[in-house]
Amino acid sequence: MVLIDSSVWIEYFNGELNPQTNFLDEILGVEPVGIGDLIFLEVLQGFRSDSEHKKAKSLLMDLTVFEILGRDQAIRVADNDRFLRKKGITVRKTIDTIIATYCINRGFPLLFTDRDFEPFVQYLNLQPALDDA
């Protein structure tokens with residue numbers, strides 16, 4: 001199972017070509033692809049066109065959707081955030097810490113283009129779905 005971050009979905013739906021969107025295109029319908037509920041929300045919020053929103057929603061509904069936050073997870077997220085801040089690293093968005101922590105705890109590789117995930121790879125053993133991420 002590979003979890004796909006909103007940074008990749010947004011670029012994918014915008015037709016951007018890069019290693020991450022190409023990888024996503026290759027694995028859709030071939031390998032198990034998942035999305036977190038918060039990622040699902042972020043992606044769907046971004047559509048202005050009703051028709052594009054409907055198409056994206058249909059595609060995303062076919063994926064495994066994970067509920068990625070609860071009490072125990074919130075504690076782990078706070079611990080990871082504090083760990084990184086002690087190293088002088090501030091993650092810009094709490095949602096990225098939630099997503100990274102979920103993937104770390106579940107052992108899921110994450111496909112992303114957002115640089116905020118890099119400290120999680122470097123210090124907390126987040127598995128990037130692509131090595132060049």
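A short reminder: the numbers here are calculations on the coordinates, not readings from a lab. Since the structure is predicted, the reported quantities are computational estimates derived from the model, not experimental observations. Heads up, the Cβs are rebuilt from the backbone with ideal geometry, glycines too, and the neighbour counts pull from every protein chain shown.
A compact table of results
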| item | result |
| --- | --- |
| Any hit, region 89-96, residues being over 23 Å from E16 (Cβ atoms) and in contact with a Gly (Cβ under 7 Å, 6 or more places away or on another chain) | no |
| Check on D131, surrounded by 16 or more Cβ atoms within 10 Å (Cβ to Cβ) and among the acidic types (D, E) | no |
| Count of residues meeting criterion [loosely packed, with under 14 Cβ neighbours inside 10 Å and either of a type outside the set (D, E, K, R) or closer than 17 Å to E31 by Cβ (or both)] in region 107-123 | 3 |
| Residue match in region 58-68 (condition: polar (S, T, N, Q), under 17 Å from V33 (Cβ atoms) and in contact with a strand residue (DSSP E or B) (Cβ under 7 Å, 6 or more places away or on another chain)) | yes |
| I99 vs. criteria in contact (Cβ under 8 Å) with a residue 40 or more places away in the chain and either of a type in the set (A, V, I, L, M, F, W, C) or out of contact with any helix residue (DSSP H, G or I) (no Cβ under 9 Å at 6 or more places or on another chain) (or both) | yes |
| Residue check for D96: assigned to a helix (DSSP H, G or I), crowded, with 19+ Cβ neighbours inside 10 Å and of a type in the set (D, E, K, R) | yes |
